[in-house]
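Student: Let me give you the structure first, and then I'll get to my questions.
FYI, it's all coordinate maths here, none of it is from the lab. What you are looking at is a predicted structure, and each value in this text was computed from that prediction instead of being measured. With ideal geometry, Cβ positions are generated from the backbone for all residues, glycine too; neighbour counts draw on all protein chains shown.
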Amino acid sequence: MRVAITVVAAGLLLTACGEKPASAPKAAPPAGPTEAEKAALLATLPAPYNTADLVAGEKAWNKCRSCHTAFEGGINMVGPNLHGVFGRVAGSKADYQFSDAMKAHGIKDKVTWDYATLDDYLTHPQSTVPGTKMGFPGIKDETERHNLIAYLKVETTPKK
């Protein structure tokens, strides 16, 4: 019995010694656009995105944030960082491993992310790009999609 207690105690001590130190807190994302900058950019978007509700778009973004980041320097997660997505060829972000289907969608099908292509993809990702890694079922509500797309445009457009 004494041997068993000694073995368990030694195991606990070794386990405690092997704990990883707490990692430093992650740096906060860089400050995004100001409210005035957001309003000014929103006004320049094509209809119907120029009348979108950015607060509702941010709420819709909550469906995306478990797999994506959207700020400059953000990490790729299950999905790629979406900063600068507008104007980018689908499946072309160099530091992310896209599915072959998404790469082909950009190269063979010559798809560049813009309002229309994002709207279509976010409606039904799997039928727009069969074989995509994105398991998200899509956003069927048109207003919610428009709010999200406007929010993404405002939040992910690189500052000049």
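Student: Once segment 34-156 is represented by equal point scatterers at the alpha-carbon sites, with solvent omitted, what log10 I(q)/I(0) does the Debye formula produce at q = 0.11, 0.15, 0.19, 0.20 Å⁻¹?
Tutor: Here log10 of I(q) over I(0) equals -0.34, -0.65, -1.07, -1.19.
Student: Name the long-range amide H neighbours of Thr112: under 5 Å, sequence gap of 5 or more, or other chain; modelled H, no Pro or chain starts.
Tutor: Ala90
Student: A follow-up question, please. Could you give the size of the charge dipole of segment 53-157 about its Cα centre, using +1 on the Cβ of each K and R and -1 on the Cβ of each D and E, expressed in debye and rounded to the nearest 20?
Tutor: It works out to roughly 300 debye.
Student: Then there's this: Note down the net charge around Gly91, summing +1 for each Lys or Arg and -1 for each Asp or Glu among other residues with Cβ under 11 Å from its Cβ.
Tutor: +3
Student: Convert each backbone phi in segment 60-74 into a coupling constant with the Karplus relation 6.51 cos²θ - 1.76 cosθ + 1.60 (shift: θ = phi - 60°), then list the ³J(HN,Hα) values in order as whole Hz, x for Gly and Pro.
Tutor: Computed from phi, the couplings for segment 60-74 are 5, 4, 4, 6, 9, 5, 6, 10, 10, 10, 9, 10, 4, x, x Hz.
Student: Calculate the length of the line joining the C-alpha centroid of segment 28-92 to that of segment 117-160, in whole Å.
Tutor: Measuring centre to centre over Cα atoms gives 10 Å.
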